[in-house]
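Data first, discussion second: the structure below is written as structure tokens.
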Amino acid sequence: MTTDPLVVFTPSGKRGHFPVGTPILTAARQLGVDLDSVCGGRGICSKCQITPSYGEFPKHGVTVSENALSAWNAVEQRYDDKRGLKPGRRLGCQATVQGDVVIDVPPESQVHRQVVRKAAAARAITMDPATRLYFVVVEEPDMHSPTGDLERLERALQQQWQIDAVTADLSLMSKLQPVLRKGKWEVTVALHKGHKDSLARIVEIWPGLHEQGLYGLAIDLGSTTIAAHLTDLETGEVKASSGLMNPQIRFGEDLMSRVSYAMMNPGGDQEMTKAVHEAINDLTTSIAGEAGIDAALIVETVFVCNPVMHHLLLGLDPVELGQAPFALATSESMSLPAREMGLTTMNPRAQVYILPCIAGHVGADCAAVALSEEPGKSDDLVLIVDVGTNAEILLGNTHRVLACSSPTGPAFEGAQISSGQRAAPGAIERIEIDPVTKDPRFRVIGSDKWSDEDGFDIDIATTGITGICGSGIIEAVAEMRIAGLLDESGLIGSAAQTGTERCVPEGRTHAYLIHDASAEGGPRITVTQGDIRAIQLAKSALYAGARLLMDEMAVDKVDRVVLAGAFGAHISTKHAMVLGMIPDAPLDKVTSAGNAAGTGARIALCNIGSRAEIERVVREITKIETAIEPKFQDHFVAANAIPHKSDPFPELAQVVTLPAPSFNTGGADSEKSGRRRRRRS
């Protein structure tokens, strides 16, 4: 067993042992980690910037000491003096391994930038925003009317717009008089009035008629991905959508890992809060640049997030969410100044609204899905599944709505998968396996062609084939089951058992070879037995959560299923059903809602009445806690089979015939069970 230090890279999850003195850039290249460099490791280009993390990491099984990397050197100092490095950053070509370490690769250091899969869905929204523009003509001061400029602005708003009273903070007051005089007493003001506010607040003021627009951000702050939609507050039009990986991944890929990090590392919660604030600030700047607007025109932001992200966004310790009864510091909606939260790259007086959480681990993201999809207004029984690192599930109709959260983990995002990666150009996103030849054909992000079509090689010439993302691994596992490469238990057969040399030995198990470019120095992309197990665990948690709600509702069937999130938009309903991710239903009754949480955030951003509505609705939703329900474990175990151990899935059987091979006649799994039987006897 090697004693070399362990290096764990996030967000990819790739890891390996390396001798002391190995440069981080070298370790990244050997593991196939997406870390950029164009200067040959001379510390000139700075593209290989990385962020090491220190402390206890139970998820990774390591303790990272302060001297886990080599000391800051002269090359890094020279670059920092000339161009500057963000606090905590190192150059991957200069920092060397000295001990176990967790390394985060920030988005700007990745060659293949993530593709935002949570795009904004087209949605008709009645516009009634909390922040609006008002053009007014203000009476000039004179010796006979010695009132202050703010009072005369207030009087103009009352006379011309019937707005009775306003308030302004000191930063606005400092620019009031210069702007009034520059505009020759004609100005445009942006007023914010929340649904619970008694007074309108002046957010911004411009001389003359302001025609550059007014904007807000709708942000879906997920465990793995932060997705933002820049929205015109006058028309509701989405001007740009952008996203990045949540940098908190380096502290733990799932929510409980981050709670554990906060528990075991004093100040760990503040460290994670700072990381996400910096990411949101960077995202605000980049999305404004993408849309070609001044970031100061972003005057309002609406957040939706799960409870752990909610607490870390607000700078609240999430430790209580790591143990029963999973108490939130507050489940109410919140309205507060953006600067109070450390959000500094939007307008300095921008306001933030955070949707209410439902309870426990069912958060504001689930509330946003309820706002978008309105299960409480459905005449038929609808199951809504928002799949991510933490799945949010709603079941309901006009009579009753239930909700739960299920810990699916990051496998659906491509993490914890041997050849897995985030959605980026070059990642396999679709796959089909011929049931006769057992050969695959696939599509990668960045090309509309399949791998066996003319022109595919030309399309991918710049990106190559780099790995497999979440949608790709889900389809790969389902296709392997359909093609008979995988039995009901999830075991991959050998070449002799499956009839294809693509099933290759890997230790005491087997893997299925999708693509091999190792001869040209490229990646060898396989689906391993470990990958299958990771997907089984994730899909079983999802299915068990849905069945738990159905038990509470005393039903065996649902009328329709709505798939939400990036998963819902990119996975075929057939593959979801083959895996047994969701309860059996007619395939034509399984639809996609796209990024429903993001849509809910946009609705709340654009319509102030919807905020009061969702605050009312969440009080009527019954929350089921999966962590303490005994039936959850029963459903989870049964759902480990593909598609399911006891549910016959009759609707699926009408669409596809699943072979019934059994490969458990040798190999690791059967040997382990044999040892268990011998020990019992």
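Phi-derived couplings, Karplus 6.51 cos²θ - 1.76 cosθ + 1.60 at θ = phi - 60°, listed residue by residue for the stretch 384-394: 10, 10, 9, 8, x, 4, 10, 7, 9, 10, 10 Hz, with x used for Gly and Pro.
Is the stretch 423-470 rounded, prolate or oblate when judged by the Cα gyration tensor, a ≥ b ≥ c being the square roots of its eigenvalues, rounded requiring a/c under 1.5 and prolate requiring a/b larger than b/c? In terms of gyration-tensor shape, oblate. One decimal place: the segment Gln162-Arg441 gains 94.0 nm when fully extended, by the rule 0.36 nm per residue minus the C-alpha distance. Spatial offset of the stretch 414-478 relative to the stretch 169-230 amounts to 45 Å, using the alpha carbon center of each.
In this calculation the C-beta distance from Arg181 to Ala612 is compared with R0 = 60 Å, giving a FRET efficiency of 0.90.
Cysteines in the chain lacking any other cysteine Cβ under 4.7 Å from their own Cβ: Cys48, Cys93, Cys305, Cys357, Cys366, Cys404, Cys469, Cys503, Cys606. What pairs in Lys377/Lys631; Lys59/Lys86; Lys86/Lys274; Lys14/Lys59; Lys47/Lys86 have C-alpha atoms more than 18 Å from each other? Listed pairs above 18 Å: Lys377/Lys631; Lys59/Lys86. Here each label is just a point 7 Å from Cα along the line to Cβ, and for Arg83 and Ile458 those points are 3.6 nm apart. With all protein chains in place and a 1.4 Å probe, the accessible surface of the chain carries 50 percent carbon and sulfur.
The GluC sites (Glu not before Pro) of the stretch 576-632 that DSSP puts in a loop, and whose beta carbon has at most 13 other beta carbons within 10 Å, are Glu620. Restricting attention to the stretch 206-326, close to 65% of DSSP beta bridges with both partner residues there are antiparallel. Per-residue surface analysis assigns Thr285 an accessible area of about 80 Å², computed on protein heavy atoms at 1.4 Å probe radius.
For the stretch 380-449, a simple Cβ point-charge model (Lys and Arg +1, Asp and Glu -1, everything else neutral) yields a dipole of about 120 debye relative to the Cα centre. For Leu321, the accessible surface of its heavy atoms amounts to roughly 0 Å² (probe 1.4 Å, protein chains only, rounded to the nearest 10). Cα centroid separation, the stretch 608-626 to the stretch 135-162: 42 Å.
Projecting the Cα positions of Pro129, Ile226, Ile468 onto the charge dipole of the chain (unit charges on Cβ atoms of Lys, Arg, Asp and Glu, taken about the Cα centre) puts Ile468 furthest along the positive direction. On the beta carbon distance between Asp516 and Gln98, with R0 = 35 Å, the FRET formula returns roughly 0.50.
Sorting Val189, Val637 by solvent-accessible area of protein heavy atoms yields Val637, Val189, largest first, with a 1.4 Å probe.
For the stretch 421-526, the list of GluC sites (Glu not before Pro) that fall in a loop by DSSP and count at most 16 other C-beta atoms within 10 angstrom reads Glu453, Glu501. Each Lys and Arg adds +1 at its Cβ and each Asp and Glu adds -1 at its Cβ; summed about the Cα centre, the chain shows a dipole of about 1500 debye. For the listed peptides 331-339, 365-373, a ranking on the average number of other beta carbons within 10 Å per residue, highest first, reads 365-373, 331-339.
From the Cα gyration tensor of the stretch 157-206, with a ≥ b ≥ c the square roots of its eigenvalues, which class applies: rounded if a/c is under 1.5, or else prolate if a/b is larger than b/c, or else oblate? Because a/c hits 1.5 or more and a/b fails to exceed b/c, the stretch 157-206 counts as oblate. Over the chain, accessible surface divided per residue gives 40 Å², non-protein components excluded, 1.4 Å probe. The overall shape of the stretch 254-404 is oblate: from the C-alpha gyration tensor, with semi-axes ordered a ≥ b ≥ c, the ratio a/c is 1.5 or greater and a/b is no larger than b/c. Cβ-Cβ distance of Asp142 and Gln212, R₀ of 41 Å, FRET efficiency by 1/(1 + (r/R0)^6): the value works out to about 0.80. Ranked by solvent-accessible area (1.4 Å probe, protein heavy atoms only, all chains present), the residues Met272, Met127 order from largest to smallest as Met127, Met272. Labels on offer are (1) 181; (2) 168; (3) 156, and the one holding volume of the Cα convex hull per residue in Å³ computed from this structure is (1). Which pairs in the list Lys557/Lys589; Lys539/Lys574; Lys175/Lys239; Lys574/Lys645 are over 21 Å apart, alpha-carbon to alpha-carbon? Correct reply: Lys175/Lys239. The antiparallel fraction among DSSP beta bridges confined to the chain stands at about 70%. Dipole of the chain computed with +1 at Lys/Arg Cβ and -1 at Asp/Glu Cβ about the Cα centre; of Ala604, Cys404, Pro505, farthest Cα towards the positive end is Pro505. When only Cα pairs below 8 angstrom with a gap of at least 6 residues are kept, the chain shows a relative contact order of 12 percent.
The values are calculated or read from the model by the stated rules, or taken from the named source; none is laboratory data. Since this is a predicted model, take the numbers as computed values, not measurements. Please note: Cβ atoms are built from the backbone with ideal geometry, for glycine as well, and neighbour counts cover all protein chains shown. Please note that ligands, DNA and RNA were not included when accessible areas were found on the heavy atoms of the full protein model with its side chains. Shrake-Rupley method; radii C 1.70, N 1.55, O 1.52, S 1.80 Å.
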